[in-house]
Amino acid sequence: MIDSRSCFNLGLVDREKLANFLGESDFDELSNRLNQTTNSAYEESNYDQAVKNNKFNSFPMRKKNSSKANRQSQQSISKSVNFNGVMISQDELNLNIRLSNNRQQESNRLKSLLRSNFWPIDHPIRKYLWKCLLLRQNTNSNKENTASNSHLTDTSLTEFEYNKHLNQIFGKMREIDISLPDFVNMNSKQDSSSSHMNYYFLNNKGIQAIKRILCVYEYHFPHVTYNPGLVSISSLLLHYMPEHEVFASLCYMSSTKEHFIESKNCWDTTCSVFTKLLKNYCKSSYDTISKYATVSLDIIFSEWYWWLFDSLSFDYLVKIMDCFLFEGQKIFYRVSLALAQQFSRCKYSM
């Protein structure tokens with residue numbers, strides 16, 4: 001029997017596919033191994049004890065100017081010896097996230113931690129990592145107190161409130177096979193985004209949950225008219241969160257204005273920004289892509305967003321999401337620029 005402490009949202013995940021991806025012959029065996037790791041890794045701490053011990057001064061990360069530490073870290077990664085990253089308890093992580101809201105130095109340290117550590121997709125920290133990072137976004141959005149999202153507060157985290165939204169929209173028909181909202185499903189507009197519906201390891205129940213989440217999101221954010229990437233982001237979140245918390249997470253990120261686009265004009269702007277970044281900072285990569293391009297460069301660079309969500313494997317995307325939830329959309333530019341550089345290196349080596 002699968003233990004409830006597993007970091008995955010097991011009821012909505014295709015267990016067989018996920019087990020095959022992780023190289024496990026049996027998902028029950030995988031879950032048992034995960035639970036053993038969880039039991040040995042969790043720290044017994046609370047917020048008050050963390051403050052008393054001044055734990056934020058020992059926040060686990062490499063020293064800023066330690067070249068020896070950097071070399072050792074790179075060696076361990078290259079040898080694939082320690083891919084588990086540092087282990088942080090939920091209370092300690094919450095403490096450092098709270099501090100990062102008010103202290104720029106702590107914010108930079110937390111950002112470095114997220115960028116430099118590779119927690120596997122079944123690591124115990126994934127049971128709470130994304131939730132903690134999103135609570136930081138919620139705190140910041142509450143400070144801004146934007147009128148457009150004033151109806152979405154902490155109560156959105158409760159399943160009762162989410163079910164109320166579902167009843168308003170679907171009534172008792174929530175279990176039927178519904179369609180994706182127009183802002184992600186652009187078939188009627190002759191757009192190619194229909195090929196970018198990435199659900200990863202979600203089963204049929206998970207796919208239906210994504211459709212419900214996005215329909216409720218469209219109901220509360222009618223000004224969002226174009227964001228096909230929201231299917232991929234929501235699906236990644238649903239692997240580790242229940243349905244109502246995924247909806248709340250989307251609301252929090254929408255309030256920050258740092259994570260999502262809201263219209264086709266914004267989408268086109270991101271494509272232009274990426275093209276300029278590639279020209280200015282990766283000129284050789286831009287020239288290589290231009291040289292080997294068989295279609296218009298505008299078409300190629302309009303697909304930059306899908307270089308990530310269509311091409312990278314699930315474990316890479318989970319790592320990218322760690323940084324995205326903390327830093328916002330700019331991490332997508334960074335990763336896509338790195339992919340463009342890697343492409344040019346491969347072409348030069350041929």
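The values are calculated or read from the model by the stated rules, or taken from the named source; none is laboratory data. Keep in mind that this is a model prediction, so the values were computed, not measured. Note that we place each Cβ from the backbone using ideal geometry, even for glycine, and neighbour counts take in every protein chain shown. When the accessible area is computed, the model is the full protein with side chains, heavy atoms only, and any ligands, DNA or RNA have been set aside. Shrake-Rupley method; radii C 1.70, N 1.55, O 1.52, S 1.80 Å.
The table that follows gives values for the structure above.
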{"item": "Accessible area, probe 1.4 Å, largest first, for residues Lys127, Lys319", "result": "Lys127, Lys319"}
{"item": "Solvent-accessible area per residue for region 227-346 (1.4 angstrom probe, square angstrom)", "result": "38 Å²"}
{"item": "Under-5 Å amide H pairs with Leu202, H placed in peptide plane, nonlocal only", "result": "Asp14"}
{"item": "Carbon/sulfur fraction of accessible area - region 241-329, other protein chains in place, 1.4 Å, %", "result": "54 percent"}
{"item": "Sorted peptide list for 107-118, 270-281, 221-232, criterion being average Cβ within 10 angstrom, highest first", "result": "221-232, 107-118, 270-281"}
{"item": "Signed unit charges on C-beta, dipole axis of region 213-350, positive-most listed residue Ala340, Ile233, Val246", "result": "Ala340"}
{"item": "Long pairs among Lys205/Lys264; Lys291/Lys347; Lys257/Lys279; Lys127/Lys257; Lys111/Lys319; Lys279/Lys347, criterion Cα-Cα beyond 21 Å", "result": "Lys205/Lys264; Lys257/Lys279; Lys127/Lys257"}
